[in-house]
Amino acid sequence: MQIRRRVNMFERPFSSGSNQGRLWNGYSPYNPEMYQKLGDIFRVFYNYCQLSEKYNDTPAMRLGLAKGVVDIEKIIYFNKYAKK
């Protein structure tokens, strides 16, 4: 449900009274591969960057995959922060 609320392309289609019950999704991407790409990006953000209100940590921290919240810039610009 979080991805449906936060990413416009994942919202459910809606109908208006003037289109005889047909459904329309104004934010739907033309290329279906975009759903997979956006889903992968959101999954990384959710697991490594977003703190849980209940546990005050991320799912990756609970599994021992991360020591703390990972800054989103370190994920996006991986080569800039990679150890050499």
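Remarks
- Compared with the alpha-carbon gap, the fully stretched path from ILE41 to ASN56 is longer by 3.2 nm at 0.36 nm per residue.
- Straight-line cross-link reach from LYS80 at under 25 Å between alpha-carbon atoms covers these lysines, not counting any fewer than eight positions away in the same chain: LYS37, LYS67.
Every number in this text was worked out from the coordinates using simple rules, so none of it is lab data. The model shown is predicted, which means the values in this text are computed figures rather than measured ones.
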